[in-house]
1. If you add up the charges near Ala54, with Lys and Arg at +1 and Asp and Glu at -1, over every other residue whose beta carbon is less than 12 angstrom from its beta carbon, what do you get?
2. By accessible area of protein heavy atoms, probe 1.4 Å, what ranking do Val205, Val74 get, highest first?
3. Mind ordering 77-83, 35-41, 46-52 by average Cβ neighbours within 10 Å, highest first?
4. Work out how much length Leu25 to Phe109 would gain on full extension: take 0.36 nm times their residue separation and subtract the Cα-Cα distance, in nm to one decimal.
5. How charged is the neighbourhood of Cys196? Take every other residue with its Cβ under 14 Å from the Cβ of Cys196, and add Lys/Arg as +1 and Asp/Glu as -1.
6. Could you give the nm distance between label points at Ala36 and Thr89, where each point is 7 Å from its Cα heading toward the beta carbon?
7. Report the local net charge at Ala67: Lys and Arg +1, Asp and Glu -1, summed over other residues whose C-beta lies under 11 Å from its C-beta.
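The values are calculated or read from the model by the stated rules, or taken from the named source; none is laboratory data. Owing to the predicted nature of the structure, the values given are computational and were not obtained by experimental measurement. Cβ sites come from the backbone with ideal geometry, for glycine too, and all protein chains shown count toward neighbours. What goes into the accessible areas is simple: the full protein's heavy atoms, side chains included, and nothing from ligands, DNA or RNA. Shrake-Rupley method; radii C 1.70, N 1.55, O 1.52, S 1.80 Å.
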Amino acid sequence: MTSPDKPADPVQQYADRSYRSPAGLAGGVMLLALAAWLGGDALVRGEGHTKLLAVAGLLFAVPLVVAFTLRPVVRAGQDRLVVRNPFRTITLPWGAVEDLRASFTSEVFAGGTKYQLWAVPVSLRQRKKAGRQAARSANRPAKSQFGLHLDAGPPPRATADRTLDELRELQERGAARESAQGGPAVRWAYEIIAPCVVGVLGLVVLIAL
């Protein structure tokens, strides 16, 4: 006899969320396509020294583009926040997170250290637009239909502010959980750093020749 399905755990229901910058992803794809076109052309049509310059340039440029556009992501789980920035990945148990802020940049504070959230850019233009919409909504009389007043809903918020609100909610929900305790852990992205360094050294040597 099978047991009835258990109701969904509200914590597990919102366990894993990922945040990226759509503009960053789009820009990264375009820059990589441009690098492939220019670099490929140099490799196909160039000779000796030109080909070596193209290889060194690609070794330097491609990881750098990936680091600043495609790599950044923020993952919010049940027990921890994982922040993947251009050159390092920071793992923060919710119990270690002290604050989350979005002023000119999105930031998380843990263990007395500030970490920037590259994947959650702050758009001052978007924030001003949301503020103007909220002001207009506040001054506009509520609509009515069939004698009922219709609520205009919550005031609009900029994307970064909404994201930080969600992360704060997850942090408040998970901070006291036993499995969400510990200190920050930082891992450097050597898979990005190493080819960049090799590319720079190659360019320096080839230009000096």
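1. On the way: positive: Arg45, Lys51; negative: Asp41, Glu47.
Value of the local net charge: 0.
2. Most to least solvent-accessible, the answer reads Val205, Val74.
3. Order by mean packing, descending: 77-83, 35-41, 46-52.
4. 27.7 nm
5. +1
6. 2.4
7. +2
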